[in-house]
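The values are calculated or read from the model by the stated rules, or taken from the named source; none is laboratory data. These numbers were taken from a predicted model, which means no experiment stands behind them. Backbone-built Cβ (ideal geometry, glycine too); neighbour counts: all protein chains shown. All accessible areas refer to the heavy atoms of the entire protein, side chains included, with ligands and DNA or RNA removed. Shrake-Rupley method; radii C 1.70, N 1.55, O 1.52, S 1.80 Å.
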Amino acid sequence: MTQTPADTLVVLDFETTGLSPNQGDRAIEIGAVKLHQGQVVDRFQQLMNPGFRVSGFIEGYTGITNAMLAGAPGCDEVMDGFADFIQGANLVAHNASFDQRFLDAELAAIGRDYAGDFVCSMLLARRLYPEAPNHKLGSLVTFKSIPHDGVFHRALADAQMTADLWMAMLADLHGDWGVSAPLFAQLKKLSKTPKAQVARVLASLA
């Protein structure tokens, strides 16, 4: 997986009942965009019933209501299909530690796993765009003038915006730093590089 190019991967986003699977929270929606050489080749989107009612706050925040979830398949069924979707792929998410926690918990519950590695687009954006007002997804989409339909906090819409942001970052790496074909592993390293060393690491990739 270490030699995989950075433009071939799966960008994913979860909507959930809360912040922590360790506190009993579950996924209620998964959205993902599969990129191959920078082009969208497949998408995955599915609501899933967590087995209990979600709070009014989550209904308001995501727009996903208990009525919508009542007829949705269970987490186990959806996540089994999603495990198939991501097999063999590296993974990107915005604030990836959150999404990785839920991915790991939901797949562990059904005895599934994945071989790919994770990169956080938020951490990478902090290195590339220190001048951005903040590094929330919506703020970065505005900062980079990325077109969107105004839908936030729904999984597929957020995954698509994250994919668009990821490709914008690859374009800026090429245009601003001469990094034409970075590997996924190189961007993972860059995303964890101390900010004072970012310019040096970027220069080494060119």
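Here are the numbers for the structure shown:
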read-out	value
Range of Cα positions in segment 1-53 per principal axis (Å), largest first	40, 22, 13
Sorted peptide list for 97-107, 57-67, criterion being average Cβ within 10 angstrom, highest first	97-107, 57-67
nm² value of the averaged projected area, convex hull over the Cα atoms of segment 69-112	3.6 nm²
Spacing of the two label points (7 Å from each Cα toward its C-beta) at Phe52 and Asn95, in nm	2.1 nm
Distance from segment 13-60 to segment 87-108 (C-alpha centre basis), Å	11 Å
Calculated over segment 117-170: convex hull of Cα atoms, volume per residue (Å³)	81 Å³
Relative compactness, the chain, computed as alpha-carbon Rg over 2.2 N^0.38 Å	1.02
Computed label-point distance, nm, for sites Asp149 and Gln45 using a 7 Å Cα→Cβ extension	0.6 nm
Lys, Arg +1 and Asp, Glu -1 on Cβ, resulting dipole of segment 53-189 about Cα centre, debye, nearest 20	440 debye
Packing-based order for 200-206, 78-84, using average beta carbon neighbours within 10 Å, highest first	78-84, 200-206
Computed [θ] at 222 nm, deg cm²/dmol, the chain (DSSP H ≥ 4; -39,500 (n - 2.57); rounded to nearest 500)	-13000 deg cm²/dmol
Computed Kirkwood radius, in angstrom, where 1/r is averaged over Cα pairs of segment 8-125	14.5 Å
Rg to Rh quotient for segment 88-186, alpha carbon positions, Kirkwood Rh	0.99
Förster radius 35 Å - calculated FRET efficiency between Tyr61 and His174 (Cβ-Cβ, nearest 0.05)	0.45
Segment 152-195: radius of gyration and largest Cα-Cα distance (Dmax), Å	12.4, 35
Max mean-square fluctuation residue, GNM over the chain, Cα-Cα springs under 10 Å, options Asp149, Asp172, Asp76	Asp149
Accessible surface, 1.4 Å probe, highest first, among residues Met167, Met161	Met167, Met161
